[in-house]
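Peer 1: Just passing along the structure, written as structure tokens.
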Amino acid sequence: MATEIPSEIQHPNLVGLGRAALAAELAAFGAEPFRARQLWHWIYHRGATDFAAMTSLSKTFREALAAHYTLERPAVSRALTSIDGTRKWLLRFSDGQEVETVHIPEEERGTLCVSSQVGCTLSCSFCHTGTQRLVRNLAATEIVAQVMIARDYLGEWPSPQSDRQVTNIVLMGMGEPLFNYDNIAEALKIVMDPEGLSISRRKITLSTAGVVPMIRRCGAELGVNLAVSLHAVRDDVRDRLVPLNRKYPIAEMLEAHELVRLLAGIPAKVNLIPFNPWPGAPYECSSEAAIEAFSDIVFAAGYSAPVRTPRGRDILAACGQLKSASVRLPKREPQPLPAA
């Protein structure tokens, strides 16, 4: 019987492994415990893409690692830069699926908008991603890789302690983060590690359409900032814009511990995001006068309500404009074995 031999052996990828997973992998490889700390430094602090660059390791050990492992990044299918300096990367993973990641530079910070799913299951009517069916969740390694790709393109290795271009992370890209919580949590622990990518939890914001059961867990386990995408203050309107509202209405969201704490004891901030159009969108953006009038009303009530300036609209990189061409693949029928 004929046997198909793969043309290329796929070695395990060390990029994206957390501390415990990396230590376990190297222990199974027969390496001393301190080797995991060395590799962590080279992968997440220095951004190494080649074992040969790890000069604090012996040549023999580097060669052994290269023979068994990879330091793989996703491929960048397309890189676009907006007239306002916003950058968008279309990343392709090993199975061919793609997501978009956006970097928004500002005077005092640089925000990286990270995706959590290929496609989305929420089908929010104002969102371009919502027109793409959910293909799959991203693995923790694929979430971490988005940060590392941005650092690659921006030349931010070793991880800087000041004058960073990636200072903040917002999980506001493709997908609903709280529907992929376990992988998000694993990835953020790597991102927040002070000896690696070293981005403070105070600089990370997770945005949710309102997956109420996961909000408490997110606050207790991760402690990152939480943003709730309201889009309406009445259930009848929000039901049309955000179908998830039919399952978790506004009143139920306000019963969540983190939101109660926020609204009861800490001044809330309401970011007003103008609608960003996309091909075939069923809505138009409100006029500047209408947006400012709404902002004035909220400010008068005692809440900060800044209007977010749209960034990257010309390359479809603004909030609500992200989408990839990935589609859920049909299940393959079993293939007959070749004749002997």
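The values are calculated or read from the model by the stated rules, or taken from the named source; none is laboratory data. What you see is a predicted model, and the numbers here were worked out from it, not measured in a lab. FYI the Cβ positions are ideal-geometry reconstructions off the backbone, even for glycines, and counts take in every protein chain you see.
Peer 1: Could you check segment 52-84 and list, in sequence order, the residues that are of a type outside the set (A, V, I, L, M) and touching a strand residue (DSSP E or B) at 6+ places or on another chain (Cβ under 9 Å)?
Peer 2: 69, 70, 72, 73, 74, 77, 78, 81, 82, 84
Peer 1: So, one more: Could you grab me the full set of residues in segment 39-61 that are of a type outside the set (A, V, I, L, M) and either touching a residue at least 12 places away in the same chain (Cβ under 8 Å) or crowded, with 18+ Cβ neighbours inside 10 Å (or both)?
Peer 2: 40, 41, 42, 44, 45, 46, 47, 49, 50, 51, 56, 61
Peer 1: Then there's this: Looking only at segment 89-107, which residues are more than 11 Å from residue 146 (Cα to Cα) and touching a Ser or Thr at 6+ places or on another chain (Cβ under 8 Å)?
Peer 2: Within segment 89-107, 96, 97, 98, 104, 105 meet the criteria.
Peer 1: Moving to a separate point now. Residues 87, 109: which one is of a type in the set (Lys, Arg), over 13 Å from the mean Cα position of the chain (by Cα) and crowded, with 19+ Cβ neighbours inside 10 Å?
Peer 2: Only one candidate qualifies: 87.
Peer 1: Could you check how many residues of segment 242-273 are over 21 Å from residue 298 (Cα atoms) and at pLDDT 75 or above?
Peer 2: 9
Peer 1: Kindly establish whether residue 79 is aliphatic (A, V, I, L, M) and not in a strand (DSSP E or B).
Peer 2: No, not satisfied.
Peer 1: Is it true that residue 48 is assigned to a loop (DSSP other than H, G, I, E, B), in contact with a Phe, Trp or Tyr (Cβ under 9 Å, 6 or more places away or on another chain) and at pLDDT 95 or above?
Peer 2: It is true that residue 48 is assigned to a loop (DSSP other than H, G, I, E, B), in contact with a Phe, Trp or Tyr (Cβ under 9 Å, 6 or more places away or on another chain) and at pLDDT 95 or above.
Peer 1: From the list 63, 25, exactly one residue is out of contact with any Ser or Thr (no Cβ under 8 Å at 6 or more places or on another chain), more than 24 Å from residue 186 (Cα to Cα) and not in a strand (DSSP E or B). Which is it?
Peer 2: Details: 25 fails: more than 24 Å from residue 186 (Cα to Cα).
So the residue among 63, 25 that is out of contact with any Ser or Thr (no Cβ under 8 Å at 6 or more places or on another chain), more than 24 Å from residue 186 (Cα to Cα) and not in a strand (DSSP E or B) is 63.
Peer 1: Is it the case that residue 27 is more than 23 Å from residue 161 (Cβ to Cβ) and modelled with pLDDT of 95 or more?
Peer 2: Judged against the criteria, residue 27 is a match.
Peer 1: Scan segment 27-35 and give yes if some residue there is more than 20 Å from residue 199 (Cα to Cα), crowded, with 20+ Cβ neighbours inside 10 Å, not acidic (Asp, Glu) and not assigned by TED's automatic domain parsing to the domain that holds residue 198, otherwise no.
Peer 2: no
Peer 1: Go through segment 158-180 and count every residue that is without any contact (Cβ under 8 Å) to a residue 24 or more places away in the chain and not polar (S, T, N, Q).
Peer 2: Looking only at segment 158-180, we keep the residues that are without any contact (Cβ under 8 Å) to a residue 24 or more places away in the chain, and these are 160, 162-163.
So of that shortlist, the ones also not polar (S, T, N, Q) come out as 160, 163.
The qualifying residues number 2.
Peer 1: Further, regarding this structure: Give all pairs with beta carbons closer than 8 Å in which a residue from segment 300-311 that is in a strand (DSSP E or B) meets a residue that is polar (S, T, N, Q); count only pairs at least 6 apart in sequence or on separate chains.
Peer 2: 307/295
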